[in-house]
Each structure stands twice: as structure tokens, then as C-alpha cells.
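Input: a single structure, listed below in C-alpha cells.
The values are calculated or read from the model by the stated rules, or taken from the named source; none is laboratory data. Computed from a prediction, not measured in an experiment: that's the story for all the values here. Because the Cβ atoms are built from the backbone with ideal geometry, glycine has one as well, and the counts that use them run over all protein chains shown.
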Amino acid sequence: ARHLYICDFHKNLIQSVRNRRKRKGSDDDGDSPVQDIDAPEVDLYQLQVNTLRRYKRHFKLQTRPGLNKAQLVEIIGCHFRTIPVNEKDTLTYFIYSVKNDKNKPDLKMDSGVH
């Protein structure tokens, strides 16, 4: 059934996003750097050190050897925030993947063996 209304939660969510987008483009800040208000903060401290090291190695980030977790999080956080994301393409690909069950692993059936 199609809904002809929107719940208060989603109505407030949509309005808050609209308000944030308006504020982002305003020139009231003077010469303070532009902050992306819509970008959620990612808690990299939740990741394991090995995962942080893999990220560093994958993106070939130059660091000195023997960094602790806090130092890795700081360096990776700076890099992570600079990665450009095309929101439209990302959402389109996500919806396509969900609709076509691309998020499920491909199960290969051997002939005769189940």
C-alpha cells in the first residue's frame, strides 16, 4: 500500500537535512574553513590496529614505522576525510546491489553435490 503521509520522525529528519545544507553555503563564518556539516563522523578507534595498518598500506600513506593506534587513527582520519565521494553514484550503486542481491555471496553449486 502506498502511504499518503510522512511520519513526524522522517519529516523532522528531512527538514534538519535541508536546514544543514542551507547553513553550509552561507558566508556568515567569515574566514573560517568550510566544514561539511552533512558528513557523519567515523570512529576509527573502533577498528583494530591491523585494520588500520591495512588501510595505511592500501592507500600507501607515508608514515614512520612503529606508530601506536592513536597516531594511526589521526593520520588515517585526515586521509579518510579527504577522499571525495560522489553521493549520487554511491547511492545508485547501493540500491542496484540491494535490488539484485549483490550483497549476498555467490553460492556455486557443484554438479550433483548439494
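Numerical summary
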{"item": "Subset of the range 5-59 that is part of a loop (DSSP other than H, G, I, E, B), among the aliphatic types (A, V, I, L, M) and under 16 Å from ILE75 (Cβ atoms) - its residue that is modelled with the highest pLDDT", "result": "LEU47"}
{"item": "Total residues in the range 49-64, condition of a type outside the set (A, V, I, L, M, F, W, C) and surrounded by 13 or more Cβ atoms within 10 Å (Cβ to Cβ)", "result": "4"}
